[in-house]
1. Keeping the other protein chains in place, figure out the carbon and sulfur percent of the accessible area of the chain, with a 1.4 Å probe.
2. 5 Å is the cut-off here: which amide hydrogens, built 1.01 Å from N in the peptide plane, fall below it relative to Phe121, excluding neighbours closer than 5 in sequence?
3. Each label point is 7 Å from the Cα along the Cα-to-Cβ direction; what then is the distance between the points at Ile33 and Leu85, in nm?
4. If you take the square roots of the eigenvalues of the alpha-carbon gyration tensor of segment 15-124 and sort them as a ≥ b ≥ c, do you get rounded (a/c under 1.5), prolate (a/b over b/c) or oblate?
5. Suppose a student asked you for the relative contact order of segment 38-124, using Cα pairs under 8 Å spaced at least 6 residues apart; what percent would you report?
6. So what's the back-of-envelope 222 nm ellipticity for the chain, counting only DSSP H runs of four-plus at -39500 (n - 2.57) apiece and dividing by all residues, rounded to 500?
7. With helices defined as uninterrupted DSSP H runs, which ones in the chain have an alpha carbon span along their own long axis of at least 20 Å and mean Kyte-Doolittle hydropathy of at least -1.0?
8. Mind scanning Lys43/Lys106; Lys63/Lys105; Lys68/Lys105; Lys68/Lys111; Lys36/Lys101 and naming the pairs with a C-alpha gap bigger than 28 Å?
Amino acid sequence: MKTARIILLFPLALFRLLFILSFSAIVVVIGWIWMKLFGFSRKLQSWSMRTWGKSILFVCGIKINRNKIPDTAHFILMPNHRSYLDIFILAALTPAAFVAKAELKKWPFMKTGARITNTIFVSR
């Protein structure tokens, strides 16, 4: 019985994975074109993070109740990474730049995506 449920749910999981990968690639390509034409801007950073995060949350069927962002423009928000979802939630709801380990530069699209979103890489 469990095997039948897993097989029936697999196409949905595959669809979600393909959508996440393709939409991430679309955001990176649009951002790359924008950077070539106009250069980096906070508007590009904000658009790409918000669009990418909200689309992934939508595909995964996640609804969020949002708290108020601090009034000051300068704050540090540190999630504890209980899951990978906090990455998408922060991208969708906060005007932030990510801090990531330097090894992520080697992932496909990550170098261009990092330039678009102003990601800071740290060697550990």
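1. Exposed carbon and sulfur together represent 67 percent of the surface.
2. Ala100
3. With each label point 7 Å from Cα toward Cβ, the separation is 3.3 nm.
4. Because its axes are fairly even, with a/c under 1.5, segment 15-124 counts as rounded.
5. Details: 69 pairs, mean separation 33.8, N = 87.
This gives 39 percent for segment 38-124.
6. -20000 deg cm²/dmol
7. Helices passing the filter in the chain: 2-38, 42-60.
8. Pairs exceeding the cut-off: Lys63/Lys105; Lys68/Lys105; Lys68/Lys111.
The values are calculated or read from the model by the stated rules, or taken from the named source; none is laboratory data. Because the structure is predicted, anything quoted here is derived from the model rather than measured. Reconstructed Cβ throughout: ideal geometry from the backbone, glycine too, with neighbour counts over all protein chains shown. Heavy atoms of the whole protein, side chains included, go into the accessibility calculation; ligands, DNA and RNA do not. Shrake-Rupley method; radii C 1.70, N 1.55, O 1.52, S 1.80 Å.
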